[in-house]
Every structure is written in C-alpha cells, then in structure tokens.
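Student: The structure is given below, and queries will be raised subsequently.
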Amino acid sequence: DYIITLEIEGKELTSNQFAEYLDRTFLNQSTITFIIGGSYGLDQEIKDKAQFKLSFSRMTFPHQLFRILLLEQIYRSYKILHNESYHK
C-alpha cells in the first residue's frame, strides 16, 4: 500500500492540491492507506514507513472527528477532480 500519515509535522495542502495529489498518486498506486495519529502522535516506526506525511492543521483533533474531516476531504477531492459543484 501507499501510506499517507496524518500528522502535525506533515505538509499542509489546499483542497485543490490534495485532490491533485490523490489523482497523481492513483496513477501509480492502486491502494492508499491513511494512518491517523493519536493525540500523542505516531510512533517513529510508522512515520518512517510513510510515503507522504500530511497535516490538516497544527491543532490536535479528536480521532473520531478527524476521520470525518478526512472522509469529507476525500469526497471533496472526487468532486474537484470531476468538475462537479460542492457546497463550500
């Protein structure tokens, strides 16, 4: 799998940049695995396995809430890539 870790130290992207990144990644990868860090972050061993480190913010979010934020951004990316309107 292509591993993307969600961590404070990761790179911040706009929604459009995230959509483009996912689109490029899916050209060469059939599976993307997102790993969400806990409130204390991720173990270094997991961070070392990541092909990309992504940050939504420098803030800490509850795990369940962040799962929804990630899902919404993946959905938004799909809409952006297919030139479909999406509520802002």
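The values are calculated or read from the model by the stated rules, or taken from the named source; none is laboratory data. If you're wondering where the values come from, they're calculated on a predicted model, not measured in any experiment. Backbone-built Cβ (ideal geometry, glycine too); neighbour counts: all protein chains shown. Side chains included, ligands, DNA and RNA excluded: accessible areas come from the protein's heavy atoms. Shrake-Rupley method; radii C 1.70, N 1.55, O 1.52, S 1.80 Å.
Student: Is it fair to say Ile8 is modelled with pLDDT under 95 and out of contact with any Cys (no Cβ under 8 Å at 6 or more places or on another chain)?
Tutor: Judged against the criteria, Ile8 is a match.
Student: While we're looking at this one, here's another question. Output the qualifying pairs, or none if there are none: Cβ atoms under 6 angstrom, residues six or more apart or on different chains, first residue in the range 13-41 and in contact (Cβ under 8 Å) with a residue 12 or more places away in the chain and of a type in the set (Asp, Glu), second residue assigned to a helix (DSSP H, G or I) and open to solvent by 50 Å² or more (accessible area, probe 1.4 Å).
Tutor: As it stands, the answer is Asp23/Leu81, since those pairs meet every condition given.
Student: Which is touching a strand residue (DSSP E or B) at 6+ places or on another chain (Cβ under 8 Å) and under 23 Å from Asn83 (Cβ atoms), of Thr31, Thr25?
Tutor: Result of the check over Thr31, Thr25: Thr25.
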